[in-house]
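Heads up, the thing below is written out as structure tokens.
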Amino acid sequence: MSSFLFLFHASLTVFLAVTNCPVEAAKEFRVGDDLGWRQPGLNDTDVYSQWAAGKRFHVGDSLSFTYKNDSVLEVDKWDYYHCNTSNPIIDFDNGKSIMKLDRPGPFYFISGAPDHCKNGQRLFVEVIDLPPIVQSPPPFAAPPEQYLPDDSPAPAPSPSLGIAISITPWSLVMPLIITLLALVACSSAL
């Protein structure tokens, strides 16, 4: 029985150490939401700029363009600002196109239909890298000493470093699964 408990605790510790890192899943954004990808009205030429301004795009996310009698062109910055459709990086014209945001940096999209881009059917998104996972300092870590001249006032006390604990759904479910597997293995060994 003691070997079972040791196995259980060791498995649980390793599992929690490996899987307790928060990971954000990739998202698929429907460009324009319910509006989709179409030429905006005369009083709504910045609709796609406003749509993108309310979102955060990360590497791994994707954009879903839904449209009829139109197309989507990924272009460079110059072509975006000049609505130049003659040299696209990628050209989509199938009515439902998905563009994977596979790198950090700017992405530029315009309509391939005549004058649609000039009337506001264009989209710029800035893709950011997922932030690196910052490890918490050890619970007893002291801040580095600061050099202070002899005549300077003492610094204010530093805030507590504390311990950050993150619980993911897998952190709760996997120990149960490991326990069940260990119980089955122990019962079959008897």
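The values are calculated or read from the model by the stated rules, or taken from the named source; none is laboratory data. Source: prediction; values computed, not measured. Heads up, the Cβs are rebuilt from the backbone with ideal geometry, glycines too, and the neighbour counts pull from every protein chain shown. For the accessible areas, the whole protein counts, side chains as well, though only heavy atoms, and no ligand, DNA or RNA atoms are used. Shrake-Rupley method; radii C 1.70, N 1.55, O 1.52, S 1.80 Å.
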Checklist outcome for this item: Per the list (1) out of contact with any Cys (no Cβ under 6 Å at 6 or more places or on another chain); (2) open to solvent by 70 Å² or more (accessible area, probe 1.4 Å), residue check on residue 95 breaks on (2)
Checklist entry - Say we look at segment 62-92 and pick out the residues that are among the charged types (D, E, K, R) and surrounded by 15 or more Cβ atoms within 10 Å (Cβ to Cβ); which of these is farthest from residue 111 (Cα to Cα)? => result 79
Checklist entry - Just wondering, is there one or more residues in segment 8-18 that are surrounded by 13 or more Cβ atoms within 10 Å (Cβ to Cβ), small (Gly, Ala, Ser) and either at pLDDT below 60 or outside any loop (DSSP other than H, G, I, E, B) (or both)? => result yes
Checklist entry - Here is a list of conditions, (1) open to solvent by less than 70 Å² (accessible area, probe 1.4 Å); (2) in contact with a strand residue (DSSP E or B) (Cβ under 8 Å, 6 or more places away or on another chain); (3) of a type in the set (Val, Ile, Thr), and residue 47 meets all of them except one; can you say which number that is? => result (2)
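Out of curiosity, is residue 104 open to solvent by less than 100 Å² (accessible area, probe 1.4 Å), modelled with pLDDT of 95 or more and more than 20 Å from residue 83 (Cα to Cα)? Please lay out each step first, then the result.
Values: open to solvent by less than 100 Å² (accessible area, probe 1.4 Å): yes; modelled with pLDDT of 95 or more: yes; more than 20 Å from residue 83 (Cα to Cα): yes.
When the stated conditions are applied, residue 104 passes them.
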Item to check | Filtered residue count, segment 85-106, keeping only those that are touching a helix residue (DSSP H, G or I) at 6+ places or on another chain (Cβ under 8 Å) and either in contact (Cβ under 8 Å) with a residue 24 or more places away in the chain or closer than 30 Å to residue 25 by Cα (or both) | outcome: 3
